[in-house]
Each structure stands twice: as C-alpha cells, then as structure tokens.
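Below you'll find the structure, written out as structure tokens, and then a few comments.
The values are calculated or read from the model by the stated rules, or taken from the named source; none is laboratory data. No experiment lies behind these values; they were computed from the predicted model shown. Neighbour counts are summed over all protein chains in view; Cβ atoms, including those assigned to glycine, are modelled from backbone coordinates with ideal geometry. Surface accessibility is based on the protein's heavy atoms, side chains included, excluding ligands, DNA and RNA. Shrake-Rupley method; radii C 1.70, N 1.55, O 1.52, S 1.80 Å.
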Amino acid sequence: MSTVGTSAGPRTDLGSDPAPASPPIRTRRLAVAVVAAALAGLVVAALVPSPWLAVPWAVALVVLGPTSDRLDRRLAVNLALVLGLLPVTLWLPPLLGARTAAVAALALGTAAVAGGVATRQGSLLPRVRARDGVVGAIGVLAAVVALPLALAGTPARALAMLSTGIDNAYHFAMFLEQRLGTAGSPLLAARADGSGFAFDDYPQWFHKTLTVLAQLAFGDPGSAPLELVRFARLEWVVFVLLAVLVTAAVLQALPDRVAPSLLVAVTAVLASLLLGVPGGINLLQGHLSFLVAACAPLVMFLLATGRSRPGVGLFVVLGGLVLATAAWLLLLPMAGAALLVPVVAVWRRQSALVRWGTLAGMALALVLAFLLFVRGPLLTGGGFSAVLRDGTVPRVGLPTSVPVLLGCLAVVVVLAVRHHGLGLWGHVLLVLAAVVQVAVLGGYMLAAAGTLTYYFWKLMLGSLLVAVLVTVHALVRVLAQRSDAGRIRPLLLTVPLLVAAAGLGLGLQTFTAPSAVWAAILPGSLESRTTSGDAGDVDLVLRLAATTPPQQAARTRLLATRPGDMNAAHASEWFHDLSHSATRRAVSVDDGVYDLAKHPDNTALAVRLAADTLATTDGLVVVTDPALDAAVRQAVPDAADRVTLVD
C-alpha cells in the first residue's frame, strides 16, 4: 500500500508529558537554559532595533522552537502560540518604549527555545515528511491569493482594496488606536472629544496581535496613511499564517500512514475552505478577525485529539486559543467542546492535583475569555438582542448550509458508532456544538425578529468550516485503517475533488460561484479596486482626513454623494479613522449614512442627515455635491456657515 508519511516512533512534543530526567541532569540542563536565555536576551536586545533583523529572528523561532520533533505539529503549536498569546506581551509596562511588546516576545521566545533545547530531548531541526509539502503549498497559495494586500504600496491603493468591506474600516480604527496607545501618542481618537473611542468596548485580541506584529516588522507607529498600508500588509501576513496553521494542524492530527489519494482529497478540501469560501471571501469583506476566531476551536481540537496524556504546555496553547476564540463570543461553545477532549484525558490518567489544576487553569481561561467580551457590543449594545442587528456578510443559503451541517453530524455519529475503537466521540461533540449553537441563535432570531440576520450567517460560516474539517479528519482516520485505502480508483478520487472545488461557494445567496473560482478571482478583485474606479474617490477621503484636525473631524459629518465618490458609509467611516476622530459621537453620526449609501441620490435624506448634525451647536457638515450643498444651505440657512463643499 502506497502511503505518505512515516511510522510513528518516539516523539517529543507538547502533547504529552516527557519522561523526567534524573536530578543531576535536570539541574545541569536548567543552569544551561538560564545562561542561554540570558545570552539570548542580550542578542534580542541588539537585534530588535532593526525590523530587518527582528523579522527573520521571529520566523526562525517559529520554525526552530522545539515544541515537537515533527515539522507539521511544531508549526501548528508555535503558530497557535503566536495567534493566541502574543497580545499578552502588551500587558507589560512600556519600559523599552513603543516596541516593548515586540522585544519581550522575541526575548521570551528565544529563552523558551534555549530552555527547550537544554531541558528536553528535542532537536532544533524538525523531522520533515513528504506530506509536509502540503503545508508549504497551501501557504504559497494563500500568499498568492491575497498578494495585492502585500503590494499595497500607497495609502490610496490600500484604501481602495480595503474598501471591499466596511468592517475593514472598523478593524483598522482599532488597530490604529492600539498602535498609537503603545507609543503614548496624543493623536489617540479617544482624545478627540469627550465621548471616548468608538470601539473601546469591542474585544481587540486580534488587533493586539496585529499591533505586536507591527512593532516587530515596522517599528514605531507612523502617520495614519502609512499605518493603513501597514495594516493591509499585516492582513496578508495573518491570512497566510492562518492558512499554514490550520493546514499544519490538520496534517499533524492525521494517522502516520495516509494513502496519497486521501491526502490529495484533504488538500483540496483545505484549499477550498481556507482560500475560497469562507476563507477568501471573509478576507475580502473585512472579516479576518472572525476567521481567526472561527479556526481557533478547530485547531484546539486537532492539537489535542489522540493525546492520551496531555501536558501542561498543551493546555497553555489551548488557553491562548480560547482567548482568540473569545473575540467572537458566539463561537465559545465550540471552544468548550474542543477543550473537553484533553480535559477528560487528564481526568482519567493524571493525579488528583493535576486534574484540579488543569480544570482551574481552563476555567480561568474561559473566565478571561468571557471578560474580554463583557464590555463588548453584544452585552453593552442592548444586551443579547444586539445579535439581531443586520449587516453585510457572505450568506451560504439554508438549502446548502443546513444539509451540509446536519450531514457532517450524521457522518461522524455513524463513524463513531461503527468504529468505537478510534475514539471519534470527540468529533461528534464538536460537530454537535456547531449544530446546536447555530440552531439556538437561529431560533432566537426567528422568535424575536422573524428573520435571520448578520450574526446568524456569520456563525453559520464558522460552524461549517469547523464541522466539515472535523468530519474530513474522522473520515481519513477511518479510511486509513482499510487495507485497500491506497488503491482508491482515480475516478472515485475525482468525486471529493469536484465537491471540494465547488465547495460552499455554490451555496452563496449572492455572487454564487464555486469556491475554487472565488480563490482564483480574489487577487484580481483586490487589484481591480485600484484601477476600475469601483472603490470611488479614495483620494478625497485621504486629503480631507489629512487636513482636518481630530477635534474638528469628530464633530463633522461627511456626505459623499456624487456618482464618483466612495460609498457614503465607507467614506464617512474612513474619514474618521484616518483623521484620528473615530469617537463614539463621530461613529454614531455615521449610522444614518448607511441608508444614504444605498440611495445616494436621495437628496431629502441627505438634507435631513445634515440638518440633524447642524442642530447641535458645534456640528459641521462637509458635502461633495454642489446640488446637495445648495439644498442644505436652503434648508438650514442659520447654519450655512458650518457647511463646506469640497471637490
């Protein structure tokens, strides 16, 4: 039977507790680790002033950190640590200036690598298998799919690409505020007026991750337009890292011997989901933070599955991923289900002290995760009823999503019953959690509002991503046990390949297309925003933001209604972001512009919005259409001096 992989053998990784070393050897290793860590700290301190040196150093830590002897699991564990726990370094006092978090992350990473090599029977160089090429292939494809973001060399190009989804504006505002906050800048949006930063209540674990990566790659914060270019590039970086993380997590959880035909099918499914729908389309619409949060429970499950004696290190990784999941509270049920697998393993095989210590640690992680969202929009914006809000989101219709989700549940249940010895009940639990959370939210929405809105469709996408990949993993584990798994006919193999290529894209309610097509057209869609004019007049927004002081911008309503302007809602939000004026007052003013964006020729609506702003004693209005300028001045003659026409 032809297989890809190697036989199982002794492994050193975070999945199990290593055998203890004798006291003299342990002491000697610890001493070496301390010295190595001290030297490493000095090296990092010397390197970190130059991003050109710091970035390769960070990449080396991810690849060489001896969390596992196998490359696939090492990449999965180390990248999970980055996406889950990197923001913790921002809690440190800024003793080393605006780059304290980056310096601390490099120093801690270097010390951890030095300590791991000195105290464990591991190697700096991981064991590479033939199928690890899949990780590289998916990573390269992800880099190509999102490449225009990495090549956004000017603020105008970056803004044009990011105008594909208004959520990009919200996430950029949070990223910029985090960046400026680490440097103690007076340009913080929170200082523009007394109302506070507009997104202060939103969980910003993802944005803190981007902030530390920005410190590492770019150094101190620059102007808002420059940070916009950097934000676009960081979105590209995180998208690639996430694709590599999920692929590596799936591969390391597969049996050691897998038929090439099965591996090809798994690769096709991964590419379809990560690069097409929902992965690529989430990137396009500004939902990358959600994609990271949705992938976190899946990675948790894959890292923990099959580990009979989970070690402390694994639970540290899982705890970080819980915090990453908490960026989207509605996904936490899946994180809880993923945690049950290792917790049960610990409860069965460890001492009472380890049992209760593990439960306490996981409880602390869940509490911290919940607290990150207590002040979030779902709880401060009108209670749980805030989930009834609607917005732009890719929607895989119920005729597609429901059969796929329920089909995944049926498949894993049948496999778990028929192959009891493979321990597939953890798969059942996670898919069941995905189904239940969608059903509960959908039922609540139908009962409260009679329709399914933004949060349901978004949660459905995350649930489908997790359920499909968990089901694929269960199928491969079962098929890998068959003696004829390596002799699957090519004709039979084409079926899963075609299904994966079609993917969830065929179920989209708008812009229906196979997932493979979505992945193929994504680079062109991003690039065309800079040349086709679809993004509108981005230069006007950049110019206006650059010439308007934050305190003035915070009380200004921008009404961009000419045919060649940006979408009115996008223009207004980006204006406030780039002028450091994204305050509660300013963004609340933007709310009324969403209706205007749908009907920019509705002069009566535009005049009413302008009049509402001018009704305040210090409100200002900026318009782009001469006809609207005349209409506003006629409607509110007493405030005509507070209306400005820009070209």
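From the list Val277, Val240, Val264, Val246, which residue is open to solvent by less than 20 Å² (accessible area, probe 1.4 Å), farther than 23 Å from Thr392 by Cα and not polar (S, T, N, Q)? Steps first, answer last, please.
Numbers: Val277 fails: farther than 23 Å from Thr392 by Cα; Val240 fails: open to solvent by less than 20 Å² (accessible area, probe 1.4 Å); Val264 fails: open to solvent by less than 20 Å² (accessible area, probe 1.4 Å).
Going through Val277, Val240, Val264, Val246 in turn, the sole match is Val246.
Mind listing whichever residues of the range 537-558 are assigned to a loop (DSSP other than H, G, I, E, B) and over 24 Å from Met174 (Cβ atoms)? Let's see the steps before the verdict.
Of all residues in the range 537-558, those assigned to a loop (DSSP other than H, G, I, E, B) come to 537, 548-549, 554-555.
Of everything in the range 537-558, just one residue is assigned to a loop (DSSP other than H, G, I, E, B) and over 24 Å from Met174 (Cβ atoms), namely Asp537.
Looking at the range 381-396, is at least one residue in contact with a Pro (Cβ under 6 Å, 6 or more places away or on another chain) and modelled with pLDDT of 85 or more?
Taking every residue of the range 381-396 in turn, none turns out to be in contact with a Pro (Cβ under 6 Å, 6 or more places away or on another chain) and modelled with pLDDT of 85 or more.
Evaluate the range 611-620: report whether one residue or more is surrounded by 15 or more Cβ atoms within 10 Å (Cβ to Cβ), of a type in the set (Gly, Ala, Ser) and assigned to a loop (DSSP other than H, G, I, E, B).
Yes, that holds for at least one residue.
Select from the range 389-435 the residues that are within 27 Å of the chain's Cα centre (by Cα) and among the small types (Gly, Ala, Ser) and write down the one among them that is surrounded by the most Cβ atoms within 10 Å (Cβ to Cβ).
The residue in question is Ala434.
Taking the range 49-69 on its own, how many of its residues are surrounded by 13 or more Cβ atoms within 10 Å (Cβ to Cβ) and closer than 29 Å to Ala304 by Cα?
The total comes to 12.
When the range 155-190 is examined, which residues are found to be outside any helix (DSSP H, G or I) and either in contact (Cβ under 8 Å) with a residue 40 or more places away in the chain or under 21 Å from the mean Cα position of the chain (by Cα) (or both)? Walk me through how you get there before you give the answer.
Step one: filter the range 155-190 for residues outside any helix (DSSP H, G or I), giving 163-166, 183-188.
Result: Ser163, Thr164, Gly165, Ile166, Ala183, Gly184, Leu187, Leu188.
Condition test on Thr547, is it at pLDDT 95 or above and surrounded by fewer than 19 Cβ atoms within 10 Å (Cβ to Cβ)? Full working, then the answer.
Numbers: at pLDDT 95 or above: yes; surrounded by fewer than 19 Cβ atoms within 10 Å (Cβ to Cβ): yes.
When the stated conditions are applied, Thr547 passes them.
Looking for whichever is in a loop (DSSP other than H, G, I, E, B), open to solvent by less than 30 Å² (accessible area, probe 1.4 Å) and β-branched (Val, Ile, Thr) here; the options are Thr561, Thr531. Which one fits? Full working, then the answer.
Details: Thr531 fails: open to solvent by less than 30 Å² (accessible area, probe 1.4 Å).
None of the others qualify; the one that does is Thr561.
Could you say which residue among Ala597, Ala545, Ala604 is free of Cβ contacts under 8 Å to residues at least 40 places away in the same chain, more than 20 Å from Gly391 (Cα to Cα) and of a type in the set (Gly, Ala, Ser)? First the steps, then the outcome.
Values: Ala597 fails: more than 20 Å from Gly391 (Cα to Cα); Ala545 fails: free of Cβ contacts under 8 Å to residues at least 40 places away in the same chain.
Testing whether each residue is free of Cβ contacts under 8 Å to residues at least 40 places away in the same chain, more than 20 Å from Gly391 (Cα to Cα) and of a type in the set (Gly, Ala, Ser) leaves just Ala604.
Could you list all residues from the range 621-641 that are of a type outside the set (S, T, N, Q) and buried (at least 20 other Cβ atoms within 10 Å of the Cβ)? Even if it seems obvious, please write down each step before you answer.
The first filter runs over the range 621-641 and keeps only residues of a type outside the set (S, T, N, Q), leaving 621-623, 625-633, 635-641.
Those that are of a type outside the set (S, T, N, Q) and buried (at least 20 other Cβ atoms within 10 Å of the Cβ): Val621, Val622, Val623, Asp625, Leu628, Asp629, Val632, Ala639.
Quick check on my filter: what residues within the range 202-241 are more than 18 Å from the chain's Cα centre (by Cα) and among the charged types (D, E, K, R)?
Those that are more than 18 Å from the chain's Cα centre (by Cα) and among the charged types (D, E, K, R): Asp220, Glu227.
Quickly run through the range 150-163 and pick out the residues that are under 30 Å from Val517 (Cβ atoms) and open to solvent by 10 Å² or more (accessible area, probe 1.4 Å). Please lay out each step first, then the result.
From the range 150-163, those under 30 Å from Val517 (Cβ atoms) are 150-154, 156-163; that's our starting set.
Once the filter is applied, which keeps residues that are under 30 Å from Val517 (Cβ atoms) and open to solvent by 10 Å² or more (accessible area, probe 1.4 Å), the range 150-163 yields Ala150, Leu151, Gly153, Thr154, Ala156, Arg157.
I need every pair where a residue in the range 613-641 that is free of Cβ contacts under 8 Å to residues at least 40 places away in the same chain and farther than 23 Å from Gly564 by Cα has its Cβ under 7 Å from the Cβ of a residue that is open to solvent by 60 Å² or more (accessible area, probe 1.4 Å) and basic (Lys, Arg), sequence separation at least 6 or different chains.
Close Cβ pairs (under 7 Å, with a partner that is open to solvent by 60 Å² or more (accessible area, probe 1.4 Å) and basic (Lys, Arg)) amount to Ala640/Arg633.
Is the range 232-249 home to any residue that is of a type in the set (A, V, I, L, M), over 30 Å from Thr67 (Cα atoms) and in a helix (DSSP H, G or I)?
Of the range 232-249, the ones of a type in the set (A, V, I, L, M) are 232, 234, 237-238, 240-246, 248-249.
Among the residues that remain, those that are also over 30 Å from Thr67 (Cα atoms) are: 232.
Keeping just the survivors that are in a helix (DSSP H, G or I) gives 232.
Within the range 232-249, one or more residues are of a type in the set (A, V, I, L, M), over 30 Å from Thr67 (Cα atoms) and in a helix (DSSP H, G or I).
For the range 70-149, which fully contained helices (runs of 4 or more DSSP H) count at least 1 residues that are under 23 Å from His207 (Cβ atoms) and open to solvent by 50 Å² or more (accessible area, probe 1.4 Å)?
Helices (runs of 4 or more DSSP H) meeting the threshold: 71-85, 100-119.
What are the residues in the range 579-595 that are open to solvent by less than 10 Å² (accessible area, probe 1.4 Å) and more than 18 Å from Val643 (Cα to Cα), if any? Even if it seems obvious, please write down each step before you answer.
Initial filter on the range 579-595 (open to solvent by less than 10 Å² (accessible area, probe 1.4 Å)): 579, 581-583, 586, 590, 593.
Correct list: Ser579, Ser581, Ala582, Thr583.
Quick one: which residue in Ala582, Ala520, Ala586 is under 27 Å from the mean Cα position of the chain (by Cα), under 30 Å from Leu273 (Cα atoms) and modelled with pLDDT of 90 or more? Can you show your working first?
Values: Ala582 fails: under 30 Å from Leu273 (Cα atoms); Ala586 fails: under 30 Å from Leu273 (Cα atoms).
From the options Ala582, Ala520, Ala586, the qualifying one is Ala520.
What number of residues within the range 196-230 are within 29 Å of Pro148 (Cβ to Cβ) and not in a loop (DSSP other than H, G, I, E, B)?
Within the range 196-230, the first condition is being within 29 Å of Pro148 (Cβ to Cβ), and the residues that meet it are 198-199, 202-230.
Checking which are not in a loop (DSSP other than H, G, I, E, B) leaves us with 205-218, 224-230.
Number of matching residues: 21.
Looking at Arg477, is it part of a helix (DSSP H, G or I), open to solvent by 10 Å² or more (accessible area, probe 1.4 Å) and among the basic types (Lys, Arg)? Explain how you work it out, then say what you get.
Values: part of a helix (DSSP H, G or I): yes; open to solvent by 10 Å² or more (accessible area, probe 1.4 Å): yes; among the basic types (Lys, Arg): yes.
Criteria met by Arg477.
Val438 fails exactly one of the following numbered conditions: (1) of a type in the set (Val, Ile, Thr); (2) within 24 Å of the chain's Cα centre (by Cα); (3) open to solvent by 20 Å² or more (accessible area, probe 1.4 Å). What is the number of that condition?
Here Val438 meets the rest and fails (3).
Out of all the residues in the range 481-517, which are small (Gly, Ala, Ser), modelled with pLDDT under 80 and part of a loop (DSSP other than H, G, I, E, B)? It would help to see each step written out before you state the result.
Restricting attention to the range 481-517, the residues satisfying the condition of being small (Gly, Ala, Ser) are 483, 485-486, 500-503, 505, 507, 513, 515-516.
Narrowing the set further to residues that are modelled with pLDDT under 80 leaves 483, 485-486.
Within the range 481-517, just Ser483 meets the criteria.
Identify all residues within the range 164-189 that are over 28 Å from Gly524 (Cα atoms) and open to solvent by less than 40 Å² (accessible area, probe 1.4 Å); write none if there are none.
At the first step, the residues of the range 164-189 found to be over 28 Å from Gly524 (Cα atoms) are 177-189.
Scanning the range 164-189 gives Glu177, Gln178, Arg179, Leu180, Thr182, Ser185, Leu188, Ala189.
Looking at this structure, is Asp193 surrounded by fewer than 18 Cβ atoms within 10 Å (Cβ to Cβ) and either part of a helix (DSSP H, G or I) or not hydroxyl-bearing (Ser, Thr, Tyr) (or both)?
On the way: surrounded by fewer than 18 Cβ atoms within 10 Å (Cβ to Cβ): no; either part of a helix (DSSP H, G or I) or not hydroxyl-bearing (Ser, Thr, Tyr) (or both): yes.
Here the answer is no, as Asp193 does not meet what is asked.
Please verify whether Gly276 is on the phi > 0 side of the Ramachandran plot and either of a type in the set (Phe, Trp, Tyr) or touching a residue at least 60 places away in the same chain (Cβ under 8 Å) (or both), treating the condition exactly as stated.
On the way: on the phi > 0 side of the Ramachandran plot: no; either of a type in the set (Phe, Trp, Tyr) or touching a residue at least 60 places away in the same chain (Cβ under 8 Å) (or both): yes.
Spelling it out, it is not the case that Gly276 is on the phi > 0 side of the Ramachandran plot and either of a type in the set (Phe, Trp, Tyr) or touching a residue at least 60 places away in the same chain (Cβ under 8 Å) (or both).
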